[in-house]
1. Can you find a residue in the stretch 140-155 that is in contact with a His (Cβ under 7 Å, 6 or more places away or on another chain), open to solvent by less than 20 Å² (accessible area, probe 1.4 Å) and closer than 20 Å to L321 by Cα?
2. Give me the pairs: first residue in the stretch 41-70 and of a type in the set (S, T, Y), second residue part of a loop (DSSP other than H, G, I, E, B) and open to solvent by 20 Å² or more (accessible area, probe 1.4 Å), beta-carbon distance under 7 Å, and six or more apart or on different chains, which are they?
3. Within the stretch 33-55, how many residues turn out to be open to solvent by 50 Å² or more (accessible area, probe 1.4 Å) and closer than 28 Å to N242 by Cβ?
4. Since L89 meets every condition but one in (1) open to solvent by less than 30 Å² (accessible area, probe 1.4 Å); (2) in contact with a helix residue (DSSP H, G or I) (Cβ under 7 Å, 6 or more places away or on another chain); (3) touching a residue at least 60 places away in the same chain (Cβ under 8 Å), which condition does it not meet?
5. If you take the residues in the stretch 92-118 that are under 24 Å from T142 (Cα atoms) and polar (S, T, N, Q), which one is surrounded by the most Cβ atoms within 10 Å (Cβ to Cβ)?
6. Looking at the stretch 56-71 only, could you name the residues that are surrounded by 24 or more Cβ atoms within 10 Å (Cβ to Cβ) and either in a loop (DSSP other than H, G, I, E, B) or out of contact with any Ser or Thr (no Cβ under 8 Å at 6 or more places or on another chain) (or both)?
7. Give the residues of the stretch 420-453 that are open to solvent by 40 Å² or more (accessible area, probe 1.4 Å), touching a residue at least 40 places away in the same chain (Cβ under 8 Å) and in a helix (DSSP H, G or I), sorted by residue number.
8. Output the number of residues of the stretch 389-417 satisfying the condition of being without any contact (Cβ under 8 Å) to a residue 60 or more places away in the chain, more than 25 Å from I459 (Cα to Cα) and crowded, with 18+ Cβ neighbours inside 10 Å.
Amino acid sequence: MPLHIPFDNSYAALPAAFYTRQAPTPVREATPLAWNEALAAQLGITGQDAAVFAGNTVPAGADPLAQLYAGHQFGNYNPQLGDGRAILLGEVFDTKGIRRDIQLKGSGPTPYSRMGDGRAWLGPVLREYVVSEAMHALGIPTTRALAAVATGEPVLREQGPLPGAVLTRVAASHLRVGTFQIFAHRGHIEELRTLTNYAIERHYPDADGPMGLLAAVCRAQAELVAAWMSVGFIHGVMNTDNCTISGETIDYGPCAFMDAYHEARVFSSIDQTGRYAYGNQPRIAVWNMAQCATALIQLADDKEAAVEEATAIVHAMPEQLQSAWLHRFGAKIGLEHAMEDDQPLIEDLLALMQADGADFTNVFAALGTATARDQFTDRDAFDAWEQRRQDRIGPDAMQIMARANPHIIPRNHRIEDMIAAAQGGDMALFERLMSALSSPHDVPSDFDDLRRPPTKDEIVPATFCGT
């Protein structure tokens, strides 16, 4: 069946200041690696064509472009970033009537590549494919993976030549905090106003003006980061150019899921100071929203009043984060309606886990079963804590925990095994991971090995962004 994508593009209709029109750069040999049939159906896409998803052919109705944005990277403002290795093909409406971007990642250089090659190698493409689809299965807002295609061309990185690939990514949009920042910092107020109106119409049609948009984005980001925390996810590079207005997880570069729990856990090789450590993620989310507020304030006629309103909105975010965190972690120990008084119970379990180096996912998955205490070396301390939990929970605790606690996550060492196999042309581990991760709360026994934490020799100490 010939490929058909029912494009209905809106971003390309915005002023030219927002992007550079550009087609993707063709590759030597487009070979399909993975195809998300279920997602394609949701997007109204029929047929397949590796040439399109490698960038060799521009499909009918597409309007390819590279988006412009800026951003704070590890706290330092970079005045111009943009899609340095991505091309937005266009947009479609999914079966729920929601507008979705279709973007090629690794599709060649653009004016925003900053001396880069604009390409991606196979490892990061498959990592993002697996992890983003795992996040979707966990019910966490995320961009999604539609296709992965090998290019038949080497990509040069510090490790030497590596096999190239292109990922097709689907998102509610690719609007970022950095998209607003670049126009605010340049003093381009009309472009900023146009962008704000576009974001409101596309994502939050009930929002009342710029401050209404800010409040909506703060709520979405608070819920998102609480969800990350509840599954032990560490984004690794929470720059404002990786912070979406839609509240979706985006840019799975040096991301990782924790094995042994530690609040200060860092995996990203470029995070030398621990700025984006697991426990810092709520604080950074608030910081990012403060940068969003700074940009949106520029639209106000009465700057003093806007600063006061924006400050109140951002200052309300820590409480929103705490409420979302309490709800998520309360469910993880069996409480449908956790209250503030339950916070010490949750925190005491996390402290036990950190002291023991217990596995984050497996501890919560085992709660309420006879094997829970086996996750700890200090079993007496756990037994005392478990009695406190028993005194608090109701008869439906097991059902609540079953919905809140996955049995399987995309563990770092399994992803590395999968990438190594794929480099040799073997996609069987990829397919097995995708199958297991599609039902994370109900894992059959034949996936028990994927639940096992890494041995000392299997631990992945650092993750890399792949650029």
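The values are calculated or read from the model by the stated rules, or taken from the named source; none is laboratory data. Keep in mind the model is a prediction, meaning the values are calculated, not measured. Cβ coordinates were reconstructed from backbone atoms using ideal geometry, including for glycine residues, and neighbour counts include every protein chain displayed. Surface areas here come from the heavy atoms of the whole protein model, side chains and all, with no ligands, DNA or RNA. Shrake-Rupley method; radii C 1.70, N 1.55, O 1.52, S 1.80 Å.
1. Of the stretch 140-155, the ones in contact with a His (Cβ under 7 Å, 6 or more places away or on another chain) are 142, 144.
Still in the running and open to solvent by less than 20 Å² (accessible area, probe 1.4 Å): 142.
If we keep only those that are closer than 20 Å to L321 by Cα as well, we get 142.
Yes, the conditions are met somewhere in the stretch 140-155.
2. T46/M1; T57/D49
3. The initial filter retains those residues of the stretch 33-55 that are open to solvent by 50 Å² or more (accessible area, probe 1.4 Å), namely 35, 37-38, 41-42, 46, 48-49.
Filter once more, so that each one left must be closer than 28 Å to N242 by Cβ: 35, 38, 42.
Of the residues in the stretch 33-55, 3 are open to solvent by 50 Å² or more (accessible area, probe 1.4 Å) and closer than 28 Å to N242 by Cβ.
4. The single condition L89 does not satisfy is (2).
5. Applying the filter and picking the extreme gives S107.
6. Scanning the stretch 56-71 gives Y69, A70.
7. Result: Q423, M434, R451.
8. 1
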